[in-house]
Ligand SMILES: [Zn+2]
C-alpha cells in the first residue's frame, strides 16, 4: 500500500470500521474476518463425518451413499445466517476462504481427506458477474489450502436459474440438474470428489451435483458445506 491508499484506508476505517462478518461487532484485533469470540464460539453443526449421517440420509433417495460434513449450524436469526448473508451480499468473500481454512483443519483427519479433488458448486456466469465472486469457490480454495487437495471446476452452470423458492423438492432438484454440465467427464472417472457449497438446506443442489458426477463415473462423493440448516 502506498501512502495515499494507506491514508484513504484509515479514513475509511474511521467512518466504516471493519466489522466481524458474523456478529458484526467492530474488529479491534487482527483476527481476519471474524472476531475472537466468533472464532471460538460460533454454533457448530455437531454433524460428524460418519456413514449414514443426516446429510447422507437427505441425499440417499437421489444418489449412492455419500459422506458429508458441515461445520456450522445455520438457524434463522443466528450469527451463521448473518455470516452467510454478509459473505454473499455484503462483499465478504474472504470470510468464505477463512471458513474453508478452518473446516479443512477439521476434515484433515477424516476419510474425506483422501479425496482427489474439491469441486465447488458452480455459479451461473451472469450471477458471477453481478456478485464478483463465487463464495463456494473461495470456500473450496480455503479447504484446498489446508487439506492439500486441488480445486477443480468440474461442474459448470449453464443458465441463470429463476428463484427456486416456490418450487417443490423434486422440481428444485430437476431444475438444478438440468442447468449444469460436466465439460471434461474424463477428469471425473474413478475419482473421489468433494463437492463444496455454502449452506446445505434442502439438499437439492448437492443431490443434483452428486448425481451428475456419479453419472459421469465418479467413484465416491463427499459433500462439505460451511453450514447446515435443519428443521
Ligand atoms: Zn464476531
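One residue is enough: does the range 63-70 have a residue meeting the conditions exposed (fewer than 15 other Cβ atoms within 10 Å of the Cβ), touching a helix residue (DSSP H, G or I) at 6+ places or on another chain (Cβ under 7 Å) and under 26 Å from residue 204 (Cβ atoms)? Spell out how you get there, then give the answer.
In the first step, residues of the range 63-70 are kept if they are exposed (fewer than 15 other Cβ atoms within 10 Å of the Cβ); the result is 64-65.
Within this subset, residues satisfying the condition of being touching a helix residue (DSSP H, G or I) at 6+ places or on another chain (Cβ under 7 Å) are 64-65.
Filter once more, so that each one left must be under 26 Å from residue 204 (Cβ atoms): 64-65.
Yes, there is a match, as at least one residue in the range 63-70 is exposed (fewer than 15 other Cβ atoms within 10 Å of the Cβ), touching a helix residue (DSSP H, G or I) at 6+ places or on another chain (Cβ under 7 Å) and under 26 Å from residue 204 (Cβ atoms).
What number of residues in the range 106-127 are surrounded by 15 or more Cβ atoms within 10 Å (Cβ to Cβ) and part of a helix (DSSP H, G or I)?
Here is the first cut: in the range 106-127, the residues surrounded by 15 or more Cβ atoms within 10 Å (Cβ to Cβ) are 106-107, 110, 112-113, 115-124.
Applying the additional criterion that residues be part of a helix (DSSP H, G or I) yields 106-107, 112-113.
Within the range 106-127, residues that are surrounded by 15 or more Cβ atoms within 10 Å (Cβ to Cβ) and part of a helix (DSSP H, G or I) number 4.
For the range 160-173, state whether one or more residues are modelled with pLDDT of 95 or more, assigned by TED's automatic domain parsing to the domain that holds residue 73, buried (at least 21 other Cβ atoms within 10 Å of the Cβ) and more than 17 Å from residue 68 (Cβ to Cβ). Step through it out loud before you land on a result.
Within the range 160-173, the subset modelled with pLDDT of 95 or more is none.
There is no residue in the range 160-173 that is modelled with pLDDT of 95 or more, assigned by TED's automatic domain parsing to the domain that holds residue 73, buried (at least 21 other Cβ atoms within 10 Å of the Cβ) and more than 17 Å from residue 68 (Cβ to Cβ).
Would you check if residue 50 is without any contact (Cβ under 8 Å) to a residue 40 or more places away in the chain, closer than 16 Å to residue 142 by Cα and out of contact with any helix residue (DSSP H, G or I) (no Cβ under 6 Å at 6 or more places or on another chain)?
On the way: without any contact (Cβ under 8 Å) to a residue 40 or more places away in the chain: yes; closer than 16 Å to residue 142 by Cα: no; out of contact with any helix residue (DSSP H, G or I) (no Cβ under 6 Å at 6 or more places or on another chain): yes.
Against the criterion (without any contact (Cβ under 8 Å) to a residue 40 or more places away in the chain, closer than 16 Å to residue 142 by Cα and out of contact with any helix residue (DSSP H, G or I) (no Cβ under 6 Å at 6 or more places or on another chain)), residue 50 does not qualify.
Just for helices (runs of 4 or more DSSP H) wholly inside the range 1-93: which have at least 1 residues that are away from the ligand (no atom under 16 Å from the Cβ), at pLDDT 90 or above and within 18 Å of the chain's Cα centre (by Cα)? Lay out the reasoning, then the answer.
Values: elements: 3-15, 36-41, 54-59, 79-89.
So the answer is 54-59, 79-89.
The values are calculated or read from the model by the stated rules, or taken from the named source; none is laboratory data. All values derive from a computational prediction rather than experimental measurement. Neighbour counts are summed over all protein chains in view; Cβ atoms, including those assigned to glycine, are modelled from backbone coordinates with ideal geometry.
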